[in-house]
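First comes the structure, then the notes that go with it.
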Amino acid sequence: MFAPLAGRTVVVTGGSRGIGRGMALRFAEAGCRVLVVARAAEAAARTVADIAAAGGTAHPFAADVADPAGMQAMAAEAERHFGGIDVLCANAGVFPSARLEEMTPEAFDGVIATNLRGTFLAVTACLPAMKRAGRGRIVVTSSITGPVTGYPGWAHYGASKAGQLGFVRTAALELAPHGITINAVMPGNILTEGLTGIGPDYLARMTAAIPMGRLGGVADVANAALFFASDEAGWITGQTLVVDGGQILPEASADG
Ligand code: NAP
């Protein structure tokens, strides 16, 4: 039996839709108070309204994870509104596709700025509150793409997602003396709003590649984040958890 997380304060970057929205809803369902962060204020407010309608507590905040001042303001808002920060889900990310021959330096920098530098900025902004409390949980949303697999068009994305894991490992060493853990979830193919218009053939091909026979749901990733945030996971830091229905397991010759 896991100790309840009720009353904890959780900051979720990229909480307005997709996996982050799933995390925000799941932590709120567990009784946490959630700061839902995204660039688009209205979309963050919609997630907050959905949480409130389900009887939960949340507050929206508009900020860009690539902006240091925005991340400082995000942490200040969590402290002002909720009185502290127990958990950070550093989840915001972008995944524009570009093959190497068409990938501009600006496009490369843009993905790194949001996905990797944004992780660094969100984490460091929330650290003072966690250090004052003498405890904290940080869950970074990486991916299987980059650390484990490759996908044409996503060299910059894969580099950012692999980079997040390097960040996590050294941060874990620096944060351990403060009672703060930092771990990463590595989702496979997750069915988000962004995938719904992609067409049945593509979805069927993606599903066929997953041994568990279905695409992941946002709750699958959120539950892994919830585990890393639990008191019971307090001796786990600098680690990764693949959440992919077994997608990365088959060898090339496996015909299942
Ligand atoms: P999504 O549906 O596109 O949602 C992305 C969220 O991040 C939105 O709330 C978006 O809101 C926010 N966001 C994007 N750029 C931001 C910025 N610069 N500052 C603040 N917020 C920003 O994406 P998703 O599929 O849920 O992906 C979420 C995370 O999971 C990403 O890190 C992604 O790499 C990872 N992931 C996803 C999958 C998958 O299958 N979906 C698989 C592996 C890993 P605004 O646009 O309003 O800012």
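The values are calculated or read from the model by the stated rules, or taken from the named source; none is laboratory data. Since the structure is predicted, the reported quantities are computational estimates derived from the model, not experimental observations. Here the Cβ positions follow ideal geometry from the backbone for every residue, glycine too, while neighbour counts run over all protein chains shown. Note: accessible area is taken over every heavy atom of the protein model, side chains too, but ligands, DNA and RNA are not part of it. Shrake-Rupley method; radii C 1.70, N 1.55, O 1.52, S 1.80 Å.
Okay, here's what the table says:
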{"item": "Positions within the range 209-256 being modelled with pLDDT of 95 or more, of a type in the set (Gly, Ala, Ser) and surrounded by fewer than 15 Cβ atoms within 10 Å (Cβ to Cβ), in sequence order", "result": "GLY213, GLY217, GLY234, GLY246"}
{"item": "Complete set of residues in the range 110-134 that are open to solvent by 50 Å² or more (accessible area, probe 1.4 Å), of a type in the set (A, V, I, L, M, F, W, C) and under 18 Å from ALA184 (Cα atoms)", "result": "PHE120"}
{"item": "Top-ranked residue of the range 25-48 - restricted to ones that are of a type in the set (A, V, I, L, M) and away from the ligand (no atom under 15 Å from the Cβ), ranked as surrounded by the most Cβ atoms within 10 Å (Cβ to Cβ)", "result": "ALA28"}
{"item": "Pairs where the first residue, in the range 121-143, is away from the ligand (no atom under 16 Å from the Cβ) and the second is of a type in the set (Phe, Trp, Tyr) and at pLDDT 95 or above, C-beta under 7 Å, 6+ apart", "result": "ARG137/PHE228"}
{"item": "Segments classed as helices (runs of 4 or more DSSP H), wholly inside the range 146-256, with at least 1 members that are among the acidic types (Asp, Glu), within 27 Å of MET130 (Cβ to Cβ) and within 13 Å of the ligand (Cβ to nearest atom)", "result": "218-229"}
{"item": "Number of positions in the range 48-90 that are free of Cβ contacts under 8 Å to residues at least 60 places away in the same chain, part of a helix (DSSP H, G or I) and either more than 17 Å from the chain's Cα centre (by Cα) or over 24 Å from ILE182 (Cβ atoms) (or both)", "result": "16"}
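So that you can scan it fast, the table gives a plain yes or no per residue for (1) open to solvent by 10 Å² or more (accessible area, probe 1.4 Å); (2) at pLDDT below 95; (3) touching a strand residue (DSSP E or B) at 6+ places or on another chain (Cβ under 6 Å); (4) of a type in the set (Gly, Ala, Ser):
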| position | (1), (2), (3), (4) |
| --- | --- |
| PHE108 | yes, no, no, no |
| VAL148 | yes, no, no, no |
| GLY163 | yes, no, no, yes |
| THR170 | yes, no, no, no |
| PRO177 | yes, no, no, no |
| GLU193 | yes, yes, no, no |
| LEU203 | yes, yes, no, no |
